[in-house]
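The values are calculated or read from the model by the stated rules, or taken from the named source; none is laboratory data. The structure displayed is predicted, hence computed values, not measured ones. Here Cβ is always computed from backbone atoms with ideal geometry, including for glycine, and neighbour counts include all displayed protein chains. Note: accessible area is taken over every heavy atom of the protein model, side chains too, but ligands, DNA and RNA are not part of it. Shrake-Rupley method; radii C 1.70, N 1.55, O 1.52, S 1.80 Å.
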Amino acid sequence: MKNTRTRVILATLVAFILLVAAVGAGLNAVFTVTYVRAEFSTCSLAGERDASALRADLDGFLGKSTTFLDLDEMRAAAGEYPYFRVVSVEKQFPSSVCITLEERKETFALPSENGFAVLDEEGGLLEYKSGNTNRDGGEDILLTGFAVTLEEGRLAGDYAAELLAVMAETSAQLPAPRANVLSVELLDASLADFGLDRFRLTMREGIVIDIVNPTYLTAEKARSAIAAYIALEDNERTYGKLSVTEDAFSGELLPPDHSDSVGG
């Protein structure tokens with residue numbers, strides 16, 4: 001009797017283990033990644049190439065458990081491509097994962113000890129290059145005269161916020177600012193206490209745009225200056241200077257002034 005009881009218990013235990021294994025196998029088959037939906041927003045040919053390579057890397061998550069998949073692993077895989085930022089990533093049970101990415105626009109070249117720090121439109125570090133060359137050809141907007149630093153991969157320091165604000169307004173009116181702006185230079189920072197410091201945007205056609213006292217009414221001055229630049233005739237963009245500042249007494253924004261010479 002005792003042996004019979006033992007055999008029954010063993011048989012029951014084996015059956016239970018087999019049942020658990022079968023259920024586990026069934027659940028694993030259901031909750032396994034069979035599709036990675038990668039949605040990309042790109043703005044360059046180089047970005048299209050990166051998207052294709054990254055999509056192939058993300059396919060490496062196929063076959064993993066949807067339940068136990070660590071989404072940070074997928075973010076880390078995308079992080080190997082610094083020109084993309086992850087907008088969102090989520091599991092879609094039982095068998096899919098969706099990740100949305102957008103290309104960071106290569107915009108600025110900041111001189112550094114290693115050549116140039118290449119920055120996106122928000123002042124985030126993309127990479128270092130020995131020369132000022134954009135991945136899709138041409139050059140990035142050169143930043144000169146700024147005593148800025150890169151803190152945790154982002155532009156920081158005096159005038160950093162104002163520079164990005166000016167360029168945000170520029171991009172709002174000129175969707176491809178690299179096609180118009182060659183460089184942005186900080187001039188006369190030592191005269192900031194007198195409101196005579198300025199950003200100088202050198203445009204491709206030849207004209208320069210001076211935003212005087214750029215820490216005051218920053219966005220408004222940039223918006224006014226770029227609108228005036230757009231309104232110029234083609235030949236008027238080939239010479240001289242557009243300057244925007246405020247009234248010394250009232251502090252009110254003055255209309256942009258177009259002078260024939262660049263001056264100091």
Worksheet item: All but one of (1) over 28 Å from A165 (Cβ atoms); (2) modelled with pLDDT under 95; (3) open to solvent by 50 Å² or more (accessible area, probe 1.4 Å) hold for N114; which doesn't?
Response: (1)
Fill in: Scope the range 55-89; condition among the β-branched types (V, I, T), more than 25 Å from the chain's Cα centre (by Cα) and surrounded by 16 or more Cβ atoms within 10 Å (Cβ to Cβ); matching residues
T66
Item to complete: Just one of (1) within 21 Å of A160 (Cα to Cα); (2) open to solvent by 50 Å² or more (accessible area, probe 1.4 Å) trips up T238, so point out which.
Response: (1)
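Check whether at least one residue in the range 90-99 is surrounded by fewer than 14 Cβ atoms within 10 Å (Cβ to Cβ) and part of a strand (DSSP E or B), and report yes or no. Reasoning before the result, please.
Just the residues of the range 90-99 that are surrounded by fewer than 14 Cβ atoms within 10 Å (Cβ to Cβ), to begin with: 90, 92-93.
Next, only the ones that are part of a strand (DSSP E or B) stay: 90, 92.
Yes: the range 90-99 contains one or more residues that are surrounded by fewer than 14 Cβ atoms within 10 Å (Cβ to Cβ) and part of a strand (DSSP E or B).
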Item to complete: Would you mention how many residues in the range 122-141 are in contact with a Pro (Cβ under 9 Å, 6 or more places away or on another chain), closer than 12 Å to P111 by Cβ and open to solvent by 50 Å² or more (accessible area, probe 1.4 Å)?
Response: 0
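Name the residue, out of A172, A176, that is out of contact with any helix residue (DSSP H, G or I) (no Cβ under 9 Å at 6 or more places or on another chain) and under 16 Å from E121 (Cα atoms).
Numbers: A172 fails: out of contact with any helix residue (DSSP H, G or I) (no Cβ under 9 Å at 6 or more places or on another chain).
Selected residue: A176, the only one of A172, A176 that is out of contact with any helix residue (DSSP H, G or I) (no Cβ under 9 Å at 6 or more places or on another chain) and under 16 Å from E121 (Cα atoms).
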Discussion item. Among (1) assigned to a strand (DSSP E or B); (2) open to solvent by 10 Å² or more (accessible area, probe 1.4 Å); (3) touching a helix residue (DSSP H, G or I) at 6+ places or on another chain (Cβ under 9 Å), there is one condition D210 misses while meeting the rest; what is its number?
Written reply: (2)
Item to complete: State yes or no: is E102 at pLDDT 95 or above, within 17 Å of the chain's Cα centre (by Cα) and open to solvent by 50 Å² or more (accessible area, probe 1.4 Å)?
Response: yes
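Do we have E39 as acidic (D, E), in contact with a Ser or Thr (Cβ under 7 Å, 6 or more places away or on another chain), part of a strand (DSSP E or B) and closer than 30 Å to E162 by Cβ here? Outline the logic, then answer.
Working: acidic (D, E): yes; in contact with a Ser or Thr (Cβ under 7 Å, 6 or more places away or on another chain): yes; part of a strand (DSSP E or B): yes; closer than 30 Å to E162 by Cβ: no.
Taking the combined requirement at face value, the residue does not satisfy it.
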Worksheet item: In the list P175, P256, which residue meets the criterion of being open to solvent by 30 Å² or more (accessible area, probe 1.4 Å) and in contact with a strand residue (DSSP E or B) (Cβ under 9 Å, 6 or more places away or on another chain)?
Response: P256
Fill in: Answer from Y216, Y229 - the residue that is in a loop (DSSP other than H, G, I, E, B), in contact with a strand residue (DSSP E or B) (Cβ under 9 Å, 6 or more places away or on another chain) and touching a residue at least 24 places away in the same chain (Cβ under 8 Å)
Y216
